[in-house]
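Everything below concerns the one structure shown next.
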Amino acid sequence: MKALYIFTVLFISLSFSAVSQTQKLKKIRVEYSGFVDSDSLRGPGVSVFTRDNTQQVHFTHEGINLWCDQAVYYEKEDFIEAYSNVIMKQGDTINMNAKYVEYSGKTQLAFASGDVVLTEPKSVLTTDTLYFDRIKQQAFYQSKGKVVRDSSGTITSQIGRYYMNSKKYQFVKNVVLVNPEYTLNTEHLDFYTQTGHAYLFGPSTIVGENNTIYAERGFYNTNNDTGYFVKNSKINYENRVFEGDSMYFDRKKSFASATNNIIVTDTINNSIARGHYAEIWRAKDSVFITKRALAITVQEKDSIYMHSDTLMVTGKPEHRITRAYYNAKIFKSDLSGKADSIHADHKSGLTQLINLARFSTTDAFTVRRRPILWNLGNQMTGDTIHLISNPKTEQLDSLVVYDNAFLISQDTIGKGFNQIKGLRLVGLFKDNDLYNVDIIKNAEVINYSRDDNQELIGINKSKSGKINLKIEDDYKIITLIDQVDGDIWPESKFPENARKLRGFDWREEERPKSVDDLFKDDPPLVLPKIKGLDDYVPQEDFFDAALMKRVEDASSKDTKKDEEQKASRTIPKEALKKADSSKVNTLQKPKKKDN
């Protein structure tokens, strides 16, 4: 019996070898089989190979090995049907397991079904049905599949393609990548198994424990959890929404940066920050913004705008602090200001206007001028200004000007200026209007006194230990307290050179009168050009013209109408219809007329 088996195997092997000499492709070769039977019911030249107790049936063809428990071989078509525990191996890199496999030696197309597992060094693909084109070195499924990679997690999709030469997966439709740290959803994903690089196309979300990323085009490195996103990109950090034309993200560092047209929305404190370059550190609750940086505290009736070269927002949601430095400015309809830097505590409502001791002629943002506030017709300056507001009512409460306090307002009719100066100024607000001012220590005043008909009575120039100013509509009541020294002079007898106190500096031309005015001193803005990512390349047809030509050439010309063509029986109907339609269109094309 054993001799008969050896003879049968040798005979079949020699027969296959003899035929192969006349063809470009070698025919499928039997390396081992426990039992061989002819199956005349299936047609002439059909053999059934069955394993024995020692090993499986083994075939080879053009660099692949195929093992199974049983196989049916169709000699005329050079076609195999492999059953039970099928293993297909290409070199040292590709292994495929399935319950059933069909393979054509003519087309070199394999079809696998039933618990299909395709393994390559970096990933494992499982699906219900899979096509494997050995000429193009591509595997394809369209009945949902799953790819598992240790470092990046699990990827599922309805349609998938694996390009073996470039080690690339292309997933389409209902794509989900599940990682212990996040879940990614998209419609198109290109994934490279060797590098762990993923390219996202179309509306995509990455949902982590503490953030959600949205983009319509992006790149994500699954090995080190960093990403680059463009086109409507957005990161939601629970209490902050971060948007920009181009965004970089580092999950491990809880860090993100963005370039061009940036918006950071604080959903808890109802504030917005804008600019053209920003960095956000979630773990530190820190945001850094520059290039036309603008912070907006949204209020029901009158929002507050703050602009500077650089903005930094720090602190937990319940206690945010905004720092604006280098040529900082604020604006609201009834209040505006300027300083070298501005420090705003949103919890306490304290806003500090500060000048730093760092004057340099080479610094474009250095101006040897004190912080300044404008409220209606009043200009206030000093070494440092504290502005206090009520965070709940959104109303101004008071202000304190420390050292070298100077209050100026232009006379309502003439060209003169009402002035009060001293060591310190304390002001009170009502309905956001300044109504009471106390000048403390070394107080001086120049005031244009007018009667009820607005006729000038005279110019009051006095000194005292303290001055109180009450402001009611167009009327100002000045009270001098302690060590009063001064008098009222007729305008004609009051010298021009005495009409301004020492340190007088009228700066109305600097006053921001709109949000746009906040940027008028800025240098021209030049935004970097964002290269972005390449456009999505749609998945080409797996069953393309070249493959369908191979299938057509492999079909037997003398097959009867009621007999199936083995090479084409697993090809999807829509692919066959498309191929037939293409042939009809080609035949119907009019021939060019000879000249």
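The values are calculated or read from the model by the stated rules, or taken from the named source; none is laboratory data. Note that the coordinates shown come from a computational prediction; the quantities given were computed from them, not determined experimentally. Cβ placement follows ideal geometry from the backbone for every residue including glycine, while neighbour counts extend to all protein chains displayed. All accessible areas refer to the heavy atoms of the entire protein, side chains included, with ligands and DNA or RNA removed. Shrake-Rupley method; radii C 1.70, N 1.55, O 1.52, S 1.80 Å.
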#### Entry: Under 5 Å, built H, 5+ apart or other chain: amide partners of Asn436
Leu428, Ile471
### Separation in nanometres of the label points that stand 7 Å from Cα toward Cβ, at Asn65 and Trp281
5.6 nm
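Carbon and sulfur atoms: what percent of the 1.4 Å accessible area of the chain do they account for? If you can, show how the numbers build up before the last one.
Working: 15540 of 30610 Å².
Carbon and sulfur atoms account for 51 percent of the accessible area of the chain.
Relative to the present Cα-Cα distance, how much length would full extension add between Arg29 and Gln539 at 0.36 nm per residue of separation? Working shown, then result.
Details: separation 510, 0.36 × 510 = 183.60 nm, distance 3.44 nm.
Full extension from Arg29 to Gln539 adds 180.2 nm.
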### Task
Just grab the label-to-label distance for Asn239 and Leu423, each label 7 Å out from Cα along the Cβ direction, in nm (one decimal).
4.1 nm
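Expressed as a rounded percentage, what relative contact order does the chain have, with Cα pairs under 8 Å and six or more residues apart?
Details: 1419 pairs, mean separation 30.4, N = 595.
Answer for the chain is 5 percent.
So how do 166-176, 533-543, 397-407 stack up, highest first, on mean other-Cβ count within 10 Å?
On the way: 166-176: 18.7, 533-543: 13.1, 397-407: 20.4.
In decreasing order of mean packing, 166-176, 533-543, 397-407 become 397-407, 166-176, 533-543.
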### Message
Applying a 10 Å radius around every beta-carbon, put 237-246, 445-454 in order of their mean neighbour count, most first.
### Response
237-246, 445-454
### Message
From the phi angles alone, apply the Karplus equation (6.51, -1.76, 1.60; θ = phi - 60°) to segment 276-293 and give each ³J(HN,Hα) in whole Hz, x where the residue is Gly or Pro.
### Response
10, 8, 8, 10, 9, 10, 5, 4, 9, 6, 10, 10, 10, 9, 9, 6, 6, 5
### Query
Short version: ³J(HN,Hα) in whole Hz for each residue of segment 206-211, in order, from phi by Karplus 6.51 cos²θ - 1.76 cosθ + 1.60 (θ = phi - 60°), x for Gly and Pro, what are they?
10, 9, x, 5, 10, 7
### Task
Note the full-extension length gain between Asp411 and Leu525 as 0.36 nm times their separation in residues minus their Cα-Cα distance, in nm to one decimal.
37.1 nm
### Query
For the chain, what is the accessible area per residue in Å² when the probe is 1.4 Å?
51 Å²
### Task
Work out how much length Gln299 to Asp150 would gain on full extension: take 0.36 nm times their residue separation and subtract the Cα-Cα distance, in nm to one decimal.
48.7 nm
### Query
For Asp487 and Asp451, FRET efficiency with R0 = 22 Å and r from the beta-carbon atoms, rounded to 0.05?
0.80
### Message
If you count only protein heavy atoms and use a 1.4 Å probe, how large is the accessible surface of Trp67, to the nearest 10 Å²?
### Response
70 Å²
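Provide the FRET efficiency to the nearest 0.05 for the Asp553-Asn165 pair, computing r from the beta carbons and using R0 = 25 Å.
Values: r = 24 Å, r/R0 = 0.95.
Using R0 = 25 Å, I get an efficiency of 0.60.
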